[in-house]
Structures are given as C-alpha cells and as structure tokens.
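The structure appears right after this line, and notes come after that.
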Number of protein chains: 2
Amino acid sequence: MAEKQEQLQLLKSRIADFKAQKLTLDMTRGKPGTTQLDLGNGLLTCVNETNYRARDGIDTRNYGILDGLPQAKELFSQYMGVTPEEIIIGGNSSLNMMYDTFAQLMTYGSSTGGDPWSSRKKKFLCPVPGYDRHFTICEHFGIRMINIDMNPDGPDMETIEEYVKSDEDIVGMWCVPRYSNPTGYTCSAETVERLAVMPTKCKDFRIFWDDAYAVHFLGSGRAPLADLLTACKKAGNPERVFIFASTSKVSFPGAGIAMMASAGQNPAWLKKRLFAQTIGPDKINMLRHVIFFKNMEGILRHMEKHARIIGLKFQAVLDILSAELDGKDMAAWTRPQGGYFISLNTRNNCARKVISMAGELGVKLTPAGSTFPYKNDPLDRNIRIAPTFPDMEDLKKAAEVLAVCIQYVSLAQAG
Amino acid sequence: MAEKQEQLQLLKSRIADFKAQKLTLDMTRGKPGTTQLDLGNGLLTCVNETNYRARDGIDTRNYGILDGLPQAKELFSQYMGVTPEEIIIGGNSSLNMMYDTFAQLMTYGSSTGGDPWSSRKKKFLCPVPGYDRHFTICEHFGIRMINIDMNPDGPDMETIEEYVKSDEDIVGMWCVPRYSNPTGYTCSAETVERLAVMPTKCKDFRIFWDDAYAVHFLGSGRAPLADLLTACKKAGNPERVFIFASTSKVSFPGAGIAMMASAGQNPAWLKKRLFAQTIGPDKINMLRHVIFFKNMEGILRHMEKHARIIGLKFQAVLDILSAELDGKDMAAWTRPQGGYFISLNTRNNCARKVISMAGELGVKLTPAGSTFPYKNDPLDRNIRIAPTFPDMEDLKKAAEVLAVCIQYVSLAQAG
C-alpha cells in the first residue's frame, strides 16, 4: 500500500506538471500530417492547359464517362487487384460510395433480388473495435449491429459462420481487411477463404470490404491480403462482396479519388443507380492521379515516403507506451505494421476515465466507445491512438500524458 | 399539288446532297464547346503549393468541413442569392445533390415530418418540355409524373394550384426557373410569388428549383429572377423549396462545384444525412473557384465571355431556322436570352420522323420524347436543339439538315 501511495504521489506530481503546461494536443483523427500532404503537392498543378486531354482525346474538363476515366480505371484496378470492368471510380469519398450502396440496397434490394432492405428486419456484423463511420451508416439506416471480435488474423470466423448460417436477418458485415482501423490487424488467407465460401441463410448477404489502407504499410512492405473477390467468384458467390478503396491517405484526404469494385451482377446494378445520380465524376482529378503516380510502382514508392514519416511517429508512441507501461499489467496495445492507428486496451472500466482525464490535461483523444457500435464499448477499455497528425514533439507529449493517465486511473481504481 | 411536288423534289435533292456529304454531326447534348472550356484553363493551376491554405489557415488538402469551404460559401451564397448559412457546397454534380435529397425524402421523410416518401403514393408535377435527367430521378424512385405546360412566364400556375390544393399525393414539383431547359423561359415574379404562397394539401410539398442557368445569359444581361426562398419564408413555408446550382457550365462540366440552398429545418436535416455520407467535399476545387473568379463580378465578367461565344451559335441556328421555316407554319421555336437550348415544336406527330430522318443523314439530335416524362411527348412535336458544342460550320450544317427534314416531313405528312 505504501508503494502504491508513493506511485500515486509521483503520478500526481507529473499530472500537476502537465496541467501547468496548459497543453492543447489532439490525437483524435486519423489525418495525415502536413509533411505527408506536401509529398503530394505535385498533384496540384500537374494537369495544366497543355495536358488536360486523356488518352483517346477525352477532354477531362467536359461532361461524360459515368464510371471513371479509362486510364484511372486501369491504374486503380491494379491497386485494387481487380479488372477494369469490375471497378467504378467516383468522387473524393469512399465513405460516400459505401453510403450510396447501402441506400440503394435499402430502396431497391440487391442485384440478385430479394426485398428492399428497408422493408426487412436487418442486422449487420461489425468487427470490433472498428471504424466509427461504418457504424454511423448502419445506425443511420436503422440496421441493428452485432459486435464480432477482431483478432490478429481477422474477425472471429467461428462466430460469424454460426450467425450467418442460421439468421436470415443478417444481411451483411463490415470489414477493414488490411491494417484494420484501429487494430492494424490484417485478415489471413484462411479468413478470406472462409468469408467467401461460408453458407449464409440470407440470400443477398453482402460484405463491405473497406480496403482503406491497401498500401499504407509502415516500413516493412505491403501486407499481402488474399483476394476476396476472386474467392467469392470461385465459390459461386460473385455478388457477395463490395470492395472499397481511396487515395485519401495516398494523395490528399480532401481531394483524392474513391473507388469500388464488385463482380457478377453488381457492376451493372450499381451503374443503373449511378446513371440516375450524376452525369459523371471529376475526371480532371482522376487524370491528376494518373499523371502524378504514373503506375503502381509510383504509388508504392510514394507510400514509402509516407511510411518514413509516420513510421517514426508510430515508433515514438510505442516506445513511450513501453517505457511507461511494460510489465505493469495496466494496458495492452497493438504494434501495427501499417494503417493509421494503434488500438490500446486498458483494464476494464478504465477507458472512459482515462480519456476524460487526458482531456482535462489538454490532450484530446477519440471519445470513449467510438470504436464500437452505438458508441458502447461493453468493457469500457478501448482507446484509439492516432499518431499521424500531431508533430513529433506534441505527439510524444500526448503519448506521455496518455500513459500517465492510464497508470493513475489503473492504480486509483485498484483502490 | 404541283407546287407541293416541286417543293418535295427540291427537298429531296437537298437531302441527297446531305447524304452524299456523309455527315457525322451531334446536336444532342448541352455541352460547352472547347473554346468555352479554354476560358477556364486558369482554374487548372491556380491552386499551387504556395496557396493551398484557405482563410484562417484551413489546409484544403486535408479532411474536414462538411458543407463547404467558408470562402466558397460566401461567394456562392451571393451567386445563389441566399445567406452562407443556407448554402451547402458539394461535389461536382448538382444532379447528385438532387438525387441524394430525393433519396433522403424517400428513406426518412421530410425535415418537417410525414411518412417517408417510399411508403406513400407519390406524384410530381413536371413542367414540359423539361430536363430528361430530372424525369429519370422520378422514374428511378417510382414517383408518378404529371405534365404541366411550361409557358414564357413559367409553369402553368392555374393548373398547378388546382392540383396541389386538392391532391395530397402530389409531393412536389420540378422547375428550372431561369432560361429553362429547353425553352429558355424564365419564371415571372408573379409565378414565383404564387409558388411560395399556394396552399398545398401535402404537408411536406417540396419544389426542386434547379437554377442551372443562373448566370448563363446570351448577351443582354442576366435575367432577373424573383427570390423564391425569401418568398417561401415570408409565406410561412420556409421548407418548401430546395434551390440547386452549379458551375458546370461556368467553369468545367466535369470539374465544377455544385451547391444547394434551403431554409427553416432543411439545412440541419440535410447535414444530418451528409454527416453519415462523407467526411467532406473536395475543398481544393472550391478554393480554385474562389481564387479564379474572386467575386461575383468576376463570375459575371467570365459569363460575358461565354455569352460572346455561344451567342453567335444561337444566332446562327435561329437565322437558319428563320430563313428556312419562317411563314411556312411548319414549326415554332423559342428565341432564348440565355441557357443552353432552343426548344422547337414541329406540327403534331412529326418530331419522331424528323429526328429519325436527320439521324439517317448523320445529324444526331436528342431522341424524340426526351423532354417529357417517360420519354412520351403526347403530341410528338418537341425537338431540343443544343447549339453550344459543335463548331460553327458543323452547327450551321446541322441546323440546315434539321430545317430541311422538318420541311420534308411536314409536306409529306400533309399529303
């Protein structure tokens, strides 16, 4: 007890010291930092008055081409590992493409028939911890969400298989398959295969496969990810998966290009809606990406530059967490090889207090519960750490504040 | 009869002459021509690595700002004649914003309550001739369309008032209020006032006010249009109207910016959906528009340059139609002061034949019926002429072919 009092006293003095510094640090959002964005500045002016025409004389300034500039479809079908016929390139937001796909399923039902989702009881499987904006879409459309544990090799397949084979109301699932938000986990080949072949009671079961971090490795090369679209086709379920990606964290978050891929009857079904929705996407911005990156190697080389910048930031946070918390049994965290986040679990019932305390010390963290459906983390333990946006000095300070808050709350709670 | 045979003979020889020329001309689409697009080339490179930050240090390359860059909202709220709080700036397509607004009404019902439109019998009033893509949206959502005559002072208000006061299923109407597609007509102040105050049986009646040609005058200055949003607010119906606009035919059709405005509970209702749909629009492209045009005078000066180019094209078509058809009682056409089209009515039951015959001679015209819901022109007489895209020589040839086909079909039919 004396030792604990001593530790608490020491932590209190560090906390008082933080307070005196009047910090205002923000670790809430998975945003690239300024030096990362600078890597893409060539995009701003690479299409000019001499080269706005794409191949075959297409004037990118004018109307037309519903599903993407052919050159962009060629490059980004390699990026997605699909054929140019399977890809649709849209505006600047893959989230928007996901939302629109849900909206279409709600209003019309799927490409393979079945009642509109709006008229059905409907549930979605959600790997947790996961991406809050996915859950927002489900909530928006009144789709009941069911938590599925996210493991180092992907979502818990046994539970998923059990659910989908028996419950017709389970119409689909989310998954960030590579460097998942926030764990950084990547689905194994076995997980991918099982997702493709598993029998589902629901005839139009859909997987929303958000490959948001397709090339977002942290220094050790791109994690391989088995090809779910091909596996689904082989398994006789070509319409099961919609794959999404974007260049938001490759070029610019505000002005990248978003894309999706699908097979079987899905592409025609999607384009039918697209035709009612728009004359066509921004082709100039697609051409900017083609000219700037040139080819897949160009994209990977560019991502190595990103990795060099943010790899150091991830390492700095991991070093501080280790130095402060190793061996204390107060927290466990992931050591991602890619992506934008570190997922940290405190002891049960501590996350909310830690986040609140850090906030009082001027360090803004993603609100407690955000990584779970309905913002409800049943064990109140998950904290999403976003190391990319703050500069190095701020980041180290924020990580230190977080680690001290974890220690203080853990000790105080153990009362 | 002899005179008629002589005329037919003469027309036949002109037709044979056209055929020999193996023409391939296209007057189908309201697309700006290349010289018009060149006017905007400065947009391509005006945001560069030195000025990508907007006012208040906003990094336009990064995430954020759901409803538009503040500077863009300021400029384009003047463009739309609304306040910055009333405007939302989106991606490159105002059609997409219209579609999304319909989708939201279908799934959720309106900002002022009422059942989701998807669960209701629903009808829409459609001024005709009108814009085919508006009708496509209604068809896509299963909304029954009712034709309303478009007159020189706007849609036929007496018929509209009669419909909306008695039929609860009429949930809204389309209108292109200024330089309407394809007639070029502009709503009078009286029409606007009557739309604002008319009693509607449907509690959440909505007007989709597509001000697509807000500044698209042809040489005699911008047509004044009464302010429907203010009139609706004054009449106690602030949520009645959604106004749409875009810079598609101001800057670039493929890479302009789209916007909408609304009042009362509508902006918050729209943003609730927008939050589920996207992290935010392309702010770099908004900044390009702000830097390039600077202010409202800059936009108007730019549109004068457009007017000088397309004014000549409209005049050339009108001159040929007059020279070929005046005094023959075979066709009537509009003489627009702005917009992108000339609307021509043949004698009844002739449009389809004329368009088909012109097509055989290598002149592609907008398919018969396109300007009506369900592609059904009840009198088979309307032809939409789009003079802007072809170069002058092609355009004159195409207009001549059209005029000759009209004469031939009219004479042959009168048989």
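General observations
- Cβ-vector label at 7 Å, residue A:360, separations to other copies in nm: 8.7
- Across all directions, the shadow cast by the convex hull of the range A:361-415 built on its C-alpha atoms averages 4.4 square nanometres.
- At 7 Å out from Cα toward Cβ: residue A:121 inter-copy label distances (nm, ascending): 3.2
- Cα long-axis angle, helix B:266-277 against chain B (0 to 90 degrees, to the nearest 10): 90
- Under 5 Å, built H, 5+ apart or other chain: amide partners of residue B:173: B:125, B:206, B:207, B:208
- Percentage relative contact order, the range B:51-294, counting C-alpha pairs under 8 Å, at least six apart: 27
- Once the mean of 1/r is taken over each pair of separate Cα atoms and inverted, chain A shows a Kirkwood hydrodynamic radius of 22.6 Å.
- Per-residue Karplus couplings for the range B:231-248, computed as 6.51 cos²θ - 1.76 cosθ + 1.60 with θ equal to phi - 60°, are listed in order as 4, 5, 4, 4, 7, x, 10, x, 8, 5, 10, 10, 9, 10, 7, 7, 9, 3 Hz, Gly and Pro entered as x.
- DSSP beta bridges in the range B:51-294 [antiparallel fraction, %, rounded to 5]: 40
- Dipole magnitude of the protein assembly as shown, debye to nearest 20 (Cβ charges: Lys/Arg +1, Asp/Glu -1, about Cα centre): 180
- Taking the range A:58-124 and dividing mean pair separation by its residue count, relative contact order in percent (alpha carbons under 8 Å, at least six apart): 18
- Where a label projected 7 Å from the Cα of residue A:308 along Cα→Cβ would reach, residues of the range A:210-229 with amide N under 18 Å: A:216-222
- Between residue A:110 and any residue 5 or more places off or on another chain, the built amide H atoms are never under 5 Å apart.
- Rounded to the nearest 500, the 222 nm mean residue ellipticity of chain A from helices alone is -13000 deg cm²/dmol, with -39,500 (n - 2.57) taken per DSSP H run of at least 4 residues.
- Net charge dipole size for the range B:139-215 [Lys, Arg +1 and Asp, Glu -1 on Cβ; Debye, nearest 20]: 200
- With the charge dipole of chain B set up from +1 on Lys and Arg Cβ and -1 on Asp and Glu Cβ about the Cα centre, the Cα lying farthest toward the positive end among the listed residues B:23, B:146, B:350 is that of B:23.
- Karplus 3J(HN,Hα) series, Hz, for the range A:39-49 with 6.51 cos²θ - 1.76 cosθ + 1.60 (x for Gly, Pro): 4, x, 4, x, 5, 4, 10, 6, 9, 10, 5
- Difference of contour (0.36 nm per residue) and Cα-Cα distance, residue A:169 to residue A:294: 40.5 nm
- Rounded to the nearest Hz, the phi-derived 3J(HN,Hα) couplings of the range A:28-36 under the Karplus curve 6.51 cos²θ - 1.76 cosθ + 1.60 (θ = phi - 60°) are 7, 10, x, 9, x, x, 4, 5, 5, where x marks glycine and proline.
- Label point at residue B:74 placed 7 Å out along Cα→Cβ; residues across the range B:262-303 whose backbone nitrogen lies under 19 Å: B:283-300
- Summary for residue B:26: label point 7 Å along Cα→Cβ; distances to the equivalent points in the other copies, ascending, 4.6 nm.
- Unit charges on C-beta of K, R, D, E only; dipole of chain A, Debye: 620
- Long-range HN-HN contacts of residue B:145 with modeled amide H, under 5 Å: B:124
- Helix A:157-166 axis, angle to chain A major axis (alpha carbon atoms, nearest 10°): 50
- Each part reduced to its alpha carbon centroid, the range B:119-185 and the range A:259-301 end up 33 Å apart.
- According to the Kirkwood relation over distinct C-alpha pairs, the hydrodynamic radius of the protein assembly as shown is 29.0 Å.
- Each residue in B:167, A:329, B:319 was given a count of other beta-carbon atoms within 10 angstrom of its own, and listing them fewest first yields A:329, B:319, B:167.
- Legend: ranking of residues A:46, A:175 from fewest to most surrounding C-beta atoms inside 10 Å; resulting order A:46, A:175.
- Rounded to 10°, Cα long-axis angle of helix A:351-360 versus longest principal axis of chain A: 80
- Estimated translational diffusion coefficient (Stokes-Einstein, Kirkwood radius over Cα pairs, 37 °C, 0.692 mPa s) of the range A:48-294: 178 µm² per second.
- The value for the range B:40-169 of Rg(Cα) / (2.2 N^0.38 Å) is 1.40.
- Virtual paramagnetic centre 7 Å along Cα→Cβ of residue A:48, amide N under 15 Å, in the range B:37-66: B:41-50
- For the residues of B:337-349, the average number of beta carbons from a partner chain within 10 Å of their own beta carbon is 0.
- The mean sequence distance of close C-alpha pairs (under 8 Å, at least 6 residues apart), as a share of the length of chain B, puts its relative contact order at 25 percent.
- Averaged over the residues of A:106-119, the number of partner chain Cβ atoms lying within 10 Å of the residue Cβ comes to 2.
- Relative exposure of B:312, B:195, judged by other C-beta atoms within 10 Å (fewest first): B:312, B:195
- Residue-averaged beta-carbon neighbours from other chains (10 angstrom radius) around B:248-261: 4
- Our note on the geometry: Cα centres of the range A:1-79 and the range A:313-341, 21 Å apart.
FYI, it's all coordinate maths here, none of it is from the lab. Everything numeric in this text was worked out from a predicted model, so none of it was measured. For neighbour counting, all protein chains shown are included, and Cβ atoms are generated from backbone atoms with ideal geometry for every residue, glycine included.
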